Structures are given as structure tokens and as C-alpha cells.
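Okay, structure first, notes after.
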Amino acid sequence: MGKSYEGGVPLAEVVRSDFVEGVHRGSVVVVDAAGGVLAGAGDVTSPIFPRSSNKPMQAVGMLRAGLRLTDPADLALVSASHAGEEFHLARVAGLLAGAGLDEDALHCPPDLPAGEQARMAVLRAGGGPTRIRMNCSGKHAGMLLTCRSAGWPVDGYWRVEHPLQQLLRDTVEDLTGEEAVAVGVDGCGAPVLSASLTGLAGAYLRLVESENDPVASAVADAMRAHPEIVGGTQADDTRLMRGVPGLLAKIGAEGVIAAALPGVGAVALKIDDGAGRARMPVLVSALRRLGIAAPVLEEFAAVPLFGGGLPVGGVRPLW
């Protein structure tokens with residue numbers, strides 16, 4: 001394989017009572033509407049695992065393989081890291097039932113909902129982890145339905161050698177313009193494919209600038225039309241897409257996020273320590289470099305820190 005990610009530079013600082021008590025390092029790239037690098041910091045050319053930020057590209061691959069969904073909201077679900085709210089779970093169950101499958105067909109591990117409100121509701125009701133509540137169950141349901149459409153076996157659909165996963169790899173490489181030099185096992189058990197931050201930003205730009213590719217357009221349009229399905233009622237990427245019309249955004253684990261706005265450009269970033277609290281302030285700084293302005297960006301520009309229940313500082317961008 002090629003070289004591994006070399007790490008980033010200080011991108012955000014943690015300020016408490018006017019004292020800098022820490023920093024978050026990472027890497028970020030901003031590309032313009034033509035795909036040229038407008039700004040960047042850290043290592044933006046070595047491979048990373050984009051984690052769930054790969055899901056829109058994987059959804060494109062499923063459509064290319066023959067997946068057919070009549071409701072765009074279901075396509076948004078296939079691209080989602082859902083919060084496990086009831087409307088998410090009902091939609092996953094409906095997809096499975098329509099293919100004559102149930103929750104046991106999912107390979108993703110049992111989990112509690114990712115969203116705090118949904119998680120607490122399950123626990124208060126005496127429930128526990130299930131496969132359908134795992135935040136990648138929509139993607140896994142889509143993979144199962146794709147296998148049925150393509151005539152591939154559903155057994156082992158998550159294995160890297162399965163024809164589904166081979167096609168998804170081809171799709172990610174096509175959209176990023178890069179070879180996936182590293183293949184790992186994601187938290188959900190399916191393969192995760194590497195890409196550089198520059199390749200990831202370019203892929204998101206292609207998704208929103210895809211007039212000649214109706215399959216890619218379908219994924220981007222579905223996600224932007226149903227942002228609450230992509231994340232959840234309170235998810236950061238959901239709120240961001242609601243607040244910036246036309247923006248496509250998707251969070252990935254370990255501090256990753258990618259976003260693109262047609263006619264404007266795209267951003268991809270990774271926070272090295274995986275801290276979600278640093279991700280959005282840095283993203284806001286990057287989006288502003290593209291001239292994007294919206295009230296929701298003010299909400300994400302800094303993450304407050306509290307002491308004794310009162311705000312005493314925040315996590316704010318350095319870049």
C-alpha cells in the first residue's frame with residue numbers, strides 16, 4: 001500500500017476561562033468549483049479512512065449495480081448514519097420486509113441508537129442493542145437489496161471479495177479519482193476504503209455537479225431533500241444541510257466530514273484525535289473560505305465549554 005496519513009497541524013484550540021488548555025490537530029482541504037485546491041492545511045494527499053463519509057459514494061455504486069428504490073427518502077437512508085429515531089427504524093424495517101428479509105439478515109452489529117434522545121428512550125423502555133438500531137443499518141439494508149437486484153448471494157455480502165464490495169470499490173475509486181490503497185473493516189463490519197482528503201472533496205464536488213450522471217445526482221438530491229434521514233433530527237450534518245440550501249454534507253467517524261455546494265466548491269477534513277467537537281468549527285472556517293454564509297454557520301462556529309453549568313469558553317478554529 002501507499003504511505004499512511006502523516007497527521008495534521010493545529011486546527012482548533014480549546015479555551016477555558018481565557019486559558020488555552022489544549023489543541024486539536026488535523027488536516028483540511030478546500031477546493032473551488034473547478035476542483036482546484038483553494039486552501040489547505042496538514043496532510044491532504046495521503047490516504048485516510050473517510051468512514052461514513054464514503055456512504056454517498058457507496059450508494060452511487062449500489063444504484064449502478066441495479067438497486068431500485070421508488071422513494072428518494074429510502075436512498076437517503078442507504079446513504080445515512082442515522083440516529084436511530086423511530087422514523088429511521090421503520091424505514092429500515094420496511095426496506096427489509098419489501099425484499100422478504102428481516103433484521104437477522106443484517107451483518108452490522110447490535111447497537112443502541114447513535115442519537116442521545118433515541119438511545120435514552122430505548123433504555124427507559126427497557127430495550128437494548130439491536131442490529132436495526134445500529135446507525136449503518138440503512139446502508140446494510142441497501143447492500144442486501146442490491147444483491148437481490150443484481151442476482152448476487154446475500155450471504156457474505158459484507159466480505160471484501162463479494163462482487164458487491166468489488167463494485168463499490170470501483171465506484172469509490174471512480175468518484176475520488178484515486179486508487180483505494182488501503183481497505184479496512186469499518187465499525188459496521190463492511191469494508192471501508194481509503195481516499196485522500198483531496199480525493200474525498202473532489203468526489204463530493206462530483207456528486208453535486210453531476211448533471212450528466214443521473215445516478216450520482218439521485219444520491220445527492222435524495223440526501224439534500226431528506227437531511228433528517230441522513231443524520232437525525234439534531235445531527236450536525238442534518239442541521240447543516242437544512243441551513244445551507246443546496247449543500248451536501250456527510251459526517252464520518254474519527255473526526256471526518258465532507259461537504260460540497262454546486263457552483264461553489266467542496267471541503268473535506270479530518271481531526272486527528274477523532275474529536276467531534278472540533279470538526280464543525282473547522283468546517284465553518286473552511287466553508288467561509290468559499291464565501292458561504294448562513295445563520296447556521298454561526299451556530300457551529302464555536303463549541304461552548306461549561307464550568308458550573310455556565311459557559312466559560314469554547315472550542316474555536318485556528319485555521
I'd like the distance between the alpha-carbon centres of the range 283-302 and the range 119-136, rounded to an integer number of Å. 33 Å
Given the chain, longest segment not containing exposed loop GluC sites (Glu not before Pro) (DSSP; at most 11 other Cβ within 10 Å): 7-160
Euclidean distance of C-alpha centroids, the range 6-73 and the range 212-274, integer Å: 10 Å
Length gain on complete extension for the stretch Val296 to Leu123, per 0.36 nm per residue less the alpha carbon to alpha carbon distance? 59.1 nm
Charge dipole (debye, nearest 20) of the range 195-291; +1 at Cβ of Lys and Arg, -1 at Cβ of Asp and Glu: 300 debye
If you place +1 on the Cβ of every Lys and Arg and -1 on the Cβ of every Asp and Glu, how big does the dipole about the Cα centre of the chain come out, in debye to the nearest 20? 280 debye
Projected onto the charge dipole of the chain (+1 at Lys/Arg Cβ, -1 at Asp/Glu Cβ, origin at the Cα centre), which of Val192, Pro317, Gly36 gives the Cα projection farthest towards the positive end? Pro317
What does the extension gain come out to for Glu21 and Ala34, with contour length at 0.36 nm per residue minus their alpha carbon separation? 0.8 nm
Of the accessible area of the chain, with the probe set at 1.4 angstrom, what percent is carbon plus sulfur? 52 percent
In the range 1-97, the trypsin sites (Lys or Arg not before Pro) that sit in a DSSP loop and have at most 11 other Cβ atoms within 10 Å of their own Cβ are Lys3, Arg68
Could you tell me the convex hull volume per residue, in Å³, taken over the Cα atoms of the chain? 124 Å³
Per residue value of the accessible surface for the range 1-130 (all protein chains in place, 1.4 Å probe), Å²: 45 Å²
GNM on the chain, Cα springs under 10 Å; top mean-square fluctuation among His140, His82, His107 goes to His107
Contour minus Cα-Cα span, Asp213 to Thr70, at 0.36 nm per residue, comes to 49.6 nm
Once a ≥ b ≥ c are taken as the square roots of the eigenvalues of the Cα gyration tensor of the range 165-246, is the result rounded (a/c under 1.5), prolate (a/b larger than b/c) or oblate (a/b not larger than b/c)? oblate
What size of dipole, in debye to the nearest 20, comes out for the range 71-148 about its Cα centre when the only charges are +1 on Lys and Arg C-beta atoms and -1 on Asp and Glu C-beta atoms? 120 debye
Which one of Asn54, Asn212, Asn135 has the biggest mean-square fluctuation once the chain is modelled by GNM with Cα springs under 10 Å? Asn212
Solvent-accessible area per residue, Å², over the range 205-315 with all protein chains present [probe radius 1.4 Å]: 37 Å²
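The values are calculated or read from the model by the stated rules, or taken from the named source; none is laboratory data. All values reported here derive from a predicted model rather than from experimental measurement. All Cβ positions, even for glycine, are placed from backbone atoms using ideal geometry, and neighbour counts span all protein chains on display. These area figures cover heavy atoms from the full protein model, side chains too; ligands, DNA and RNA do not enter into them. Shrake-Rupley method; radii C 1.70, N 1.55, O 1.52, S 1.80 Å.
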